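Structure first, then comments.
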Amino acid sequence: MLVQRACDEGMRVILGLVIGASGGFFGGLVGLGGGVVMIPLMTAVAKLTQHQAHGTSLMAIVFTAVVGSLTYYMHGTLDWGAAVMLAASAIVTARFGALYAHSLPEKKLKKAFGFFLVVTSALLLAKSVLPASSHQPVFWVRLTVFLATGAATGFLSGMMGVGGGTVMIPPMVILAGMPQHLAQGTSLLAMVPVSITGALTHYKLGNVQTDLAPGLVIGAVVGGYLGGTTAHLLPELYLKLIFAAVLVWIAVQYIRR
């Protein structure tokens, strides 16, 4: 019995490693968080419920956000003040997002995730053509933008079990006048405390599968690095078009269910 149990636990770690590496790789390849890939894989391959997939994904995102923000920090593309403002409101709403997800029936949560994937696909394609601006709004305008953006992102992150970069970056670039790379690094840093809050809430609700978590975390970090490296070798536009098409196809399956 002990041997069988150890083998089963080992297989779950390996399964988590494969799912995490796949999510991290494709997320890094097109500049998305790995949650949009990991969640469908966890429900289809690891046979998690939708609620468990969202909570477990958010736990992995804690570590990928830490590694990603450290990378941007080394390149000098972090705005600590903006990250604090984003996180201040997002931490509050992340908990409510996780609680709301837990209150939804499985079918409704699946459908909501499907619609979220459609929006994510549109934002993925739009991110490459965001209008750059050298205009810096006054402090109170930036504060309002960051707090409002953080609040919306925190709720969606807690509910959907994903990182919030796709939602955060457009208003940061368009409304707050931040350069694209600075916005990406800052959003990753802001997501560290936000994803911790959401993951802890899901954990207390029983929505985190700890047997998958170790492999998921290691796989997501390694996969994210490899995906980000590979992205520089391939044409960005075609990658995003293909990936957006795949996300829409997955979304349709969720919505139809």
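I need the shape label for the chain. Rule: rounded when a/c is under 1.5, else prolate if a/b > b/c, else oblate, with a, b, c from the alpha carbon gyration tensor.
Judged from the Cα gyration tensor, the chain comes out prolate (a/c at least 1.5, a/b above b/c).
Mean residue ellipticity at 222 nm from the helices of the chain, using -39,500 (n - 2.57) per DSSP H segment of n ≥ 4 over the full residue count, to the nearest 500 deg cm²/dmol?
That calculation yields -28000 deg cm²/dmol at 222 nm.
Give, as ranges by residue number, the residues of the range 80-102 whose backbone N falls under 19 Å from the point 7 Å along Cα→Cβ of residue 147.
80-96
Pop out the carbon and sulfur fraction of the accessible area of the range 156-257 as a percent, whole number, probe 1.4 Å.
C and S fraction of accessible area: 73 percent.
Given a 1.4 angstrom probe, I'd like the percentage of the accessible area of the range 22-67 that is carbon and sulfur, rounded to a whole number. Mind dumping the intermediate values first?
On the way: 940 of 1270 Å².
Its accessible area is 74 percent carbon and sulfur atoms.
Can you tell me how much longer the chain between residue 229 and residue 241 gets when fully stretched, taken as 0.36 nm per residue apart minus their C-alpha distance, in nm with one decimal?
Length gained, residue 229 through residue 241: 2.4 nm.
Could you report the accessible area of residue 11 in Å², rounded to 10, computed with a 1.4 Å probe on the protein chains as they sit in the structure?
120 Å²
Explain nothing, just the number: dipole magnitude of the range 51-208 about its Cα centre with +1 on each Lys and Arg Cβ and -1 on each Asp and Glu Cβ, in debye rounded to the nearest 20.
Computed about the Cα centre, the dipole is about 400 debye.
Any lysines with Cα under 21 Å of the residue 240 Cα? List them, leaving off those in the same chain fewer than 8 positions away.
Those lysines meeting the cut-off are 127.
Can you compute the modelled spin-label distance between residue 14 and residue 47, with each label point 7 Å from Cα toward Cβ, in nm?
Between residue 14 and residue 47, the label points sit 1.7 nm apart.
Hey, what's the chain come to in accessible area per residue, 1.4 Å probe, Å²?
So the chain comes to 47 Å² accessible per residue, rounded to a whole number.
The values are calculated or read from the model by the stated rules, or taken from the named source; none is laboratory data. Keep in mind that what you see is a predicted model, and the values were worked out from it rather than measured. With ideal geometry, Cβ positions are generated from the backbone for all residues, glycine too; neighbour counts draw on all protein chains shown. To get the accessible areas, we keep the full protein, side chains included, count just its heavy atoms, and leave off ligands, DNA and RNA. Shrake-Rupley method; radii C 1.70, N 1.55, O 1.52, S 1.80 Å.
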